[in-house]
Amino acid sequence: MTWFADNAWITVALPFVLAVAVAISGRVLGRAVAWLAMLAPLSVLVTGVSAYLAIAGGRTPGEGSFEWISSAGMSISAGWHVDGLVALMLLVVGLVALMVMVFSVGYMAEEPGFTRYFALLCLFTGSMSALVIADGLAGLFIGWELVGACSYLLIGFWFTKPEAAAAAVKAFLTTRVGDIGLLLGLLLLWREVGALDYATLLPVAAQLAPGVATVAALLLAVGAMGKSAQFPLHIWLPDAMEGPTPVSALIHAATMVAAGVFLVSRVWPVFEASPAAQTVVLAVGAFTALAAATIALAQSDIKKVLAYSTISQLGFMFAALGAGAWIIAMFHLATHAAFKALLFLGSGSVIHGTGTQDLRKMGGLAKAMPVTAVTWVIGSLALAGVPPLAGFFSKDEVLHAVWSSQPIAGAVLFAASALTAFYITRATMLAFAGSYRGSGHPHESGPVMAVPLVVLAAVAAVAGFGGGRIAVLLGGHAEKLHLTTAAVSTGIAVVFIALGALVYKRGVFADSALESKLGPLWPVLGRAYGFDALVASVIVRPVTTFCSWLYRTVDRVVIDGAAEGTAWLANRTGDVLRRMQMGDVQWYSSLVVTGFIVLFVLSIMWQRIVGFVGVGG
Amino acid sequence: MNFIVVTMVLFSLALYGVLTRRDIVGVLASIEMMLGSATLLFVGLSRTTTVATTITPDPTHTGAIALILMVTAAAGAAVGLALLVALARKTARTRTDEITEVKG
Amino acid sequence: MELNLADIAFWLLSAISIAGAATAVFTRDVMRLTLGLGVFLLSVAGWFLYFGHAFVAIAQVFVYVGGVLVLILFAIMFLHRSEQGLPELTSRHALDSAVVAVGVAVLVITSLREYVTGQLPTVGGADAEIGVSLLGAYLPHFEAAGVLLLAALVAAVVIVGGEKR
């Protein structure tokens, strides 16, 4: 066991090897490749456990490093480093990835791209590990881009579907905006510090000039916001739901989107040096948490509800980061990973059972799908923050930290958590209560899908009690339960769950009731405040117009013209030069003699020059 | 004006002939004249008293070298004329502007 | 300007050789071409004499006038039948060929200009040295030249006469 803690590189190497092995052996092994692929998250999970045990036992896990880029005056090393933060992330990634893979065996059973799917999941697992265990921002950035690429590939898994292909491109491009910020932040830190590895970088972060620290922190935050789908870079995540649902659970709920939170926690000293950047992060997080929660109210697609819920919960984490409580943010990350992965897998089970994602066509599934219903309810209550489930503890700490740091933001988060309780109750009621509104007969998923649900439900139920351990693991101390906050938030949760249950007792008709109450606001919420349309008209359309103009003028006329012109010129030149080759031996002789004269003159001039300069023999 | 100028005038005339004459016999004759001019320049330089010894041939050997050059030129002429005759017999062409097989 | 015998010989040889070469190059008549070539070759023999190489001069007369010139005469007789007209001399490349030819001359004269003003060659035979050189230091060259000549003659025979009709 301890071998894994000291050799965390295996969590990158093994999944990458497995990705290739799975891709190659898919034809031979058939559906059994899934079990081969599961070695990847298993290695991550075992390494996480091993590292956790080592750190809890007071031992420092081994690390390694090699010189990666060496050039005049610069050297970038790549290596791995395992501490409490890494151990926590490895546990989260390993557990969720393993559960998702098991679930996928059932969910993707009929899928022709089965092998490709599992190879990509392996690739993603390795990439996420690379992001996590890197001992510097250079290595993190590579993992960061790799998970982005895997995300692109998996969102576009059904690439023959135009929406999926478009969503993949949108996700890729939107996160790219954030990645540019991250890259600029890296370059700035490189210029200021001359190193990107945490061991060198972080201790000197406090000595950065305040302006530099603020700019660097903000640039890193832009990267984190892109990855973690924070306003205004959140627009890609709802569209990313075009991917297979287990992928949404793994990448777009539990791990990759949490990478932004991980990044900020990782380089926390840089943010600590800049209160201004913390305030920005706090504001962005709080705003996103509330706005996304309101949007989640009005979504009729079950995955869209969860997507906006994820954005909202990531907003909670960002708000905690902005309040200076990165340990609490990481705690919420871990619990959120458990219950949101559970909810996504639950929605996957529902989609698998009913064949639709539309909440309006569900209903009454509690009878048909009891396991899914029970686990989903556990996940919902955890999300809503009902004690003693995981979300209660972490959200309580987040709320307390933010409230005591910035009451306005705290109030916003309280409102957001009220909405959270309401929208998840709405989804629950629409899907599982009442009577079935769709066609056909929904059926419970098989054990291979039920087991991950149960495991994750168990984790989501009890993970909250691990808060103290996680805090200690991360180098903090266990927080006491803040009774006032806990009481208030629990009260809010219960009230709004009850309210939601009451309103949606009537099923889908409650939507129209709510619609008439909210008036024109309802469709606005349904369209996510029209932010997508705004981006499309303000950014995308001008850019595409400009690009098509570029294509028509610069590319077609100038560049193609230059290329074709070159060919034309060569052709004409050849035509002209061909005439010189008239087969006239005497003409050739003239040229030979002319060449002789030229060389002779040149050699004499060369001797003069050499003689004048005074070099040479 | 001395022999260097004279031999170079001869050489240039012969070169001009090589480059312009349309009959192959004329070209061959011009080539022979070029060789003769060059040999003359060579021999003349060896006999000049005021020369730096670095570039002039050893005067005691020039006679022998001139003979060898002569023989080489004669051999060239013999082969060249033989080729000319063979060409004329084969294709009935004896003019340089008719022989354009290497035209591009 | 007082002329001595050597100067007279120099100018005379210059005039004859240039006249012969010019005739050979510019004439349209093949017989005049041959004649001009002959004059040129004989004047070269004269130059050898002027430079004090009596033996080389004699060899020049034997080899060129007696050998090459006769060879060319035969070739002309063989090729230029009466129905063929005179070769035209207007070349497309007259001008550039002239430039090239003058360029070479200017180049060589420029590079040898320190000797252009140089003086008369010492006159005096050294014919015995030729034999010593040919059978001494230049023996390999001599032998090679002999082999080359043999090969050339055999080649000429093969090229011209080897073809069976």
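Numbers below:
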| read-out | value |
| --- | --- |
| Per-residue mean of C-beta atoms belonging to partner chains within 10 Å, peptide B:31-38 | 5 |
| J(HN,Hα) series, the range A:373-389, from Karplus relation 6.51 cos²θ - 1.76 cosθ + 1.60, nearest Hz, glycine and proline x | 4, 5, 5, 4, 4, 4, x, 5, 5, 5, 5, 5, x, 8, x, x, 6 |
| Kirkwood Rh and Cα Rg combined as Rg/Rh, the range A:230-373 | 1.03 |
| Cα-based Kirkwood hydrodynamic radius, the range A:504-586, one decimal, Å | 18.9 Å |
| Spherically averaged projected area in nm², based on the convex hull that wraps the Cα atoms of the range A:553-598 | 4.3 nm² |
| For residue A:197, residues with placed amide H under 5 Å, excluding near neighbours | A:137 |
| Dimensions (Å) - the range C:125-165, Cα atoms, principal axes, largest first | 51, 21, 7 |
| Structure-based [θ]222 nm, chain A - -39500 (n - 2.57) summed over DSSP H runs of at least 4, per residue, nearest 500 | -24000 deg cm²/dmol |
| Under 5 Å, built H, 5+ apart or other chain: amide partners of residue A:62 | A:6 |
| Hull shadow area, averaged, the range A:351-465 [alpha-carbon convex hull, nm²] | 7.6 nm² |
| 22 Å Cα-Cα threshold exceeded, pairs from A:170/A:303; A:367/A:395; A:303/A:517 | A:367/A:395; A:303/A:517 |
| Mean shadow area of the range A:309-364 over all directions, Cα convex hull, nm² | 4.3 nm² |
| Reference-scaled alpha-carbon Rg (2.2 N^0.38 Å with N residues) for the range A:186-248 | 1.51 |
| Inverse of mean 1/r across different Cα pairs in the range A:107-257, Kirkwood, Å | 16.1 Å |
| C-alpha long axis of helix A:137-155 to longest principal axis of chain A, angle in ° | 70 degrees |
| Burial ordering of A:436, A:551, fewest other beta-carbon atoms within 10 Å first | A:551, A:436 |
| For residue A:68, distant residues with modelled amide H under 5 Å away | A:76, A:77, A:78 |
| D (Stokes-Einstein, µm²/s), Kirkwood Cα radius, the range A:222-277, 0.692 mPa s at 37 °C | 272 µm²/s |
| Per-residue HN-Hα couplings for the range C:131-137 [Karplus 6.51, -1.76, 1.60; θ = phi - 60°; Hz; x = Gly/Pro] | x, 4, 5, 4, 9, x, 4 |
| Shape call, the range A:478-540: gyration tensor on alpha carbons, a/c limit 1.5 | oblate |
| On Cα atoms only, tilt of A:560-580 relative to the major axis of chain A in degrees | 20 degrees |
| For the protein assembly as shown, radius of gyration divided by Kirkwood radius, i.e. Rg to Rh on alpha-carbons | 1.38 |
| On Cα atoms only, tilt of A:302-322 relative to the major axis of chain A in degrees | 80 degrees |
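None of the figures in this text is laboratory data; all of them are computed from the coordinates on show. Owing to the predicted nature of the structure, the values given are computational and were not obtained by experimental measurement. Positions of Cβ are generated from backbone atoms using ideal geometry, with glycine treated the same way; all protein chains shown enter the neighbour counts.
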